[in-house]
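Read-outs throughout are calculated quantities, based only on the coordinates presented, and are distinct from any laboratory measurement. Values in this document were obtained by computation on a predicted structure and should not be read as measured data. Positions of Cβ are generated from backbone atoms using ideal geometry, with glycine treated the same way; all protein chains shown enter the neighbour counts.
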Ligand code: UDP
């Protein structure tokens, strides 16, 4: 049965009886790409339940227009307060709590049969929660993991999972991977000495894939063609990215200008966009280290020295908890040229003509946003997948420079300044910009009608429809 509506995320067909659940891990960088993917599924006719957990719902407010095809449901998990004390204990109790609440939720959903509550047939789950596959499959649901890292990072982690690669590699030499990628040890995903548990968490994504028919990856074919082709030989992978709001790419989803996640932060009344409006074209360095990175005090000192002693205009996103690391009078001393906020709509900032480059920690979402909006990057990766993303930014896609760090792992003022100058005014500045524009066009092409990511999403929807 089909009907049309113009409500919510755009005019679309609602194909009744085709209900899927989408369930991200409760972190910003996981919720937003899976939410964007959900919007695309809804626009192609599916009824969708977006599942989040009680801990995420406290700090993230989903800010979406009402839609008859979109239901938000919250299931219980555990408090995040002890994550820093023991990640292992947090992950264990999270899994125990969510296994139970998810099982209850699915059981309830399957017995509901009113017109409003059509039972789901499939769950798209975040690949970092591979145990969701078991819970859902035991209840007869089909399952499809969604990977929120690049295909290259997945490629590396898959080899680690399979035992053919270890991190760090035993000899300090470059590793040539099957998909023709040569990575120096410093380009591999980075797990500091005490983060064995993070490595295990990341490699566990490849567990439980035997019975899945679809594996979604937030990338696009042209961006990582060799890796995608290599992985597709053994796994049913489908690229569906970049999952950034449609207004910045193909514009096909109505009113889709932001992720729809309102992070409860105020910026003390300051508007980064109004501030950027007052600046000249390509004159502002945008700095952000994402939603999780905690900068070392020494790193903050190098950044503040750079911003105080040079003439760069800058917009810097610094979380409230990091503000105390700023030296006395820094805000007053730089107020003519700089603005510090605790949050912004990053795609909107990156698409602003005043932004010249992006000093980034190379989180995968930030990387995709900069690529999709044609902004060259100054890469200061911190850990996990960011090091590999930085390698691709600098050496594969040619859209940025990776800042050399000193022996203590700090990007010094001098290195930062030299890298920013190379990006915005050096001999290669035009090359970086042209490459960025090339990837911007290819990103749009991938999600636009008939593009590779669009086709993969369409095929998935058609398969769901055909299976009911
Ligand atoms: N982000 C944002 N405003 C900010 C800082 C970050 O909207 O002020 C968003 C950014 O657009 C991206 C996400 O937060 O979508 C960060 O994800 P990423 O994978 O880059 O890094 P993570 O936070 O997971 O380390």
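Pairs of alpha-carbon atoms within less than 8 angstrom and 6+ residues apart define the contacts here; what relative contact order does segment 278-377 have, in percent? List each step's numbers first, then the result.
On the way: 134 pairs, mean separation 39.4, N = 100.
Relative contact order here is 39 percent.
Quick one: which of 56-69, 92-105, 378-391 comes out on top by average Cβ neighbours within 10 Å, and what's the full order, highest first? The partial results should precede the final answer.
Details: 56-69: 15.5, 92-105: 17.1, 378-391: 24.6.
The peptides rank, most packed first, as 378-391, 92-105, 56-69.
Over the Cα atoms of segment 31-92, compute the convex hull volume and normalise it per residue, giving Å³.
Taking the convex hull of the Cα positions in segment 31-92, it is 97 Å³ per residue.
Pairing the Cα long axis of helix 413-425 with the longest principal axis of the chain, what angle in degrees results, from 0 to 90 and rounded to the nearest 10?
80
Relative to the longest principal axis of the chain, what angle (0 to 90°, nearest 10) does the C-alpha long axis of helix 297-309 take?
The helix 297-309 is inclined about 60 degrees to the chain.
What FRET efficiency comes out for the pair residue 466/residue 311, r = Cβ-Cβ distance, R0 = 60 Å, nearest 0.05? It would help to have the intermediate numbers written out before the result.
Details: r = 61 Å, r/R0 = 1.01.
Efficiency, from the Cβ-Cβ distance: 0.50.
Would you mind calculating the gained length between residue 459 and residue 280 on full extension (0.36 nm times residue separation, minus the Cα-Cα distance), in nm to one decimal?
Values: separation 179, 0.36 × 179 = 64.44 nm, distance 4.43 nm.
Result: 60.0 nm gained on full extension.
Using a basic spin-label model with each label point 7 Å from the Cα along Cα→Cβ, how many nm lie between residue 441 and residue 63?
Modelled inter-label distance: 3.4 nm.
Binned at 10 Å from 0, what are the whole-percent values of the Cα-Cα distance distribution for segment 305-417, short to long?
13, 42, 38, 6, 0
Tell me, in nm to one decimal, what length is gained between residue 292 and residue 235 on full extension, where the rule is 0.36 nm per residue of separation less the Cα-Cα distance?
Extending this stretch completely gives an extra 17.5 nm.
With a Cα-only, solvent-free Debye model of segment 349-396, what are the log10 I(q)/I(0) values at q = 0.18, 0.25, 0.29 Å⁻¹?
Debye output, listed in q order: -0.47, -0.85, -1.09.
What value in Å³ per residue do you get for the convex hull of the alpha-carbon atoms in segment 168-311?
So the per-residue hull volume is 244 Å³.
For residue 210 and residue 434, what is the calculated FRET efficiency with R₀ set at 51 Å and r taken between the beta-carbons, to the nearest 0.05? Provide the component values of the computation, followed by the final result.
On the way: r = 44 Å, r/R0 = 0.86.
Once the sixth-power term is evaluated, E becomes 0.70.
Normalised by the residues of the chain, what does the relative contact order come to in percent, with Cα pairs under 8 Å and at least six apart? Mind dumping the intermediate values first?
Working: 843 pairs, mean separation 69.2, N = 468.
It comes to 15 percent, rounded to a whole number.
On C-alpha positions alone, give me the angle between the axis of helix 151-162 and the longest principal axis of the chain, in degrees, nearest 10.
In the chain, helix 151-162 runs at an angle near 70 degrees to the longest axis.
Tell me the Kirkwood hydrodynamic radius of segment 43-180 in angstroms, computed as one over the mean inverse distance between distinct C-alpha pairs.
In segment 43-180 this quantity evaluates to 17.9 Å.
Any chance you could run the full-extension gain for residue 197 through residue 383? It's 0.36 nm times the residue separation minus the Cα-Cα distance, nm to one decimal.
65.6 nm
State, as an integer percentage, the relative contact order of segment 187-285 based on alpha-carbon contacts under 8 Å between residues 6 or more apart.
17
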